[in-house]
1. Work out from phi, with θ = phi - 60° and the Karplus expression 6.51 cos²θ - 1.76 cosθ + 1.60, the ³J(HN,Hα) of each residue of the stretch 83-88, listed in order in whole Hz, and give x for Gly and Pro.
2. Amide H of Ala100: which non-local residues (sequence gap of 5 or more, or other chain) have their own amide H closer than 5 Å, using H built in the peptide plane?
3. Could you derive backbone 3J(HN,Hα) for the stretch 204-218 from the dihedral phi with the Karplus parameters 6.51, -1.76 and 1.60 (θ = phi - 60°), listing whole Hz in sequence and x where the residue is Gly or Pro?
4. Carbon and sulfur together cover what percent of the accessible area of the chain at a 1.4 Å probe radius?
5. Binned at 5 Å from 0, what are the whole-percent values of the Cα-Cα distance distribution for the stretch 29-136, short to long?
6. With the radius of gyration and the Kirkwood radius both derived from the Cα set of the stretch 73-224, what is their ratio Rg to Rh?
7. Under a crude label model (7 Å from the Cα following the beta-carbon direction), how far is Leu239 from Leu5 in nanometres?
8. Solvent-accessible area per residue for the stretch 1-123 at a 1.4 Å probe radius, Å²?
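The values are calculated or read from the model by the stated rules, or taken from the named source; none is laboratory data. Source: prediction; values computed, not measured. So basically every Cβ, Gly included, is an ideal-geometry build from the backbone, and we count neighbours across all protein chains shown. Surface accessibility is based on the protein's heavy atoms, side chains included, excluding ligands, DNA and RNA. Shrake-Rupley method; radii C 1.70, N 1.55, O 1.52, S 1.80 Å.
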Amino acid sequence: MRRALAGCDVIVHLGFQLWRTPDAAGVNLGGTANVVAAAPRRIVLASSAAVYGGWPDNPLPLSELDTPRPNRECPYADHKLSAERRCADAAPTTSLRICAVLGPHADPLVKKASAGLRQVVPAARGRRQALQFLHEDDAAAALLTAVKREDVDGVYNIATEDWLDERGVAEVSGGRVVRLPFPVLLHGSEVARRLHLMDLGADRAILLNGPLALDPALAARDLGWKARRSSPEVLREFLA
C-alpha cells in the first residue's frame, strides 16, 4: 500500500465491508490502517450517518455538533467512527457522514431490502422514525467536491434536506406500515438473518430505534454542496 500510494495528494477512502461478516473488522480497521500507513497529504473518507446511532432521543435533524453514539449492535458504525478518528490523527481529513445511498449501482442486498418496502414498511412501535435517501450521483458529487476543496477539512453531513417517516415511505413504496414492539423487531430480524430468511439482521434493524436524519447545512455552507434530488424522488425512482 505504501509503495502503490506513495506521493498521493489525496486519497479517497471508500473501501469498507458494509455487512456484518467474519472478516468485517479486518477489512474495515485493517484497511484503514493501510490507508493511514501510506501517509497521504490529505484523506477524504466516506463515513456514514450510522455513526450517530439510532436512538429515541436523537434530535431531528442531527448536526455535526451532536455526539456520535454508534449502537453496539452495528459494528459497521463503530468501524466508521474509528476510521474517522484514525484518518484525522494521521492527516488533514474530510469525513463525509453520508445517509443511505440508492441508485442504479446500489449494493445487491440494498436492492433486495428496498424491494421489500413495496409490501411491508417495518416500524418500531413508540419510536419516531426519520429516514433519508440520497442518489448515488449526489453522493459522488459530494466526494468530488471534498477532493477539490483543499482548504476544508473536518466532518460534514451529506444528506437530503428532507426526510421521510414510515408513513412517507409507505406512500412512496405502496407498502403497508407494520408496527412491532422494538425488542420483537430487533430479535426477529436477527433470527430471520440466521435462518437465511433475509439478509439484514439486528445490525440494521437497530437503526429504526429512533430518528436518523442529518442536517446538511454545513456542507452547503462550507463545500457549496446540496442534494439535487429529494428523498421521496430518490426512493420512488429506485423502486421503479
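1. 5, 3, 6, 5, 5, 5
2. Excluding prolines and chain starts, which carry no amide H, the hits are Gln132, Leu134.
3. Karplus-based 3J(HN,Hα) across the stretch 204-218 equals 9, 4, 4, 6, 8, 6, x, x, 9, 10, 9, 8, x, 4, 5 Hz.
4. The computed percentage sits at 55.
5. Spelled out bin by bin, the stretch 29-136 gives 2, 10, 17, 20, 19, 17, 9, 4, 2, 0 percent.
6. Radius of gyration relative to Kirkwood radius: 1.00.
7. Modelled inter-label distance: 3.9 nm.
8. So the stretch 1-123 comes to 48 Å² accessible per residue, rounded to a whole number.
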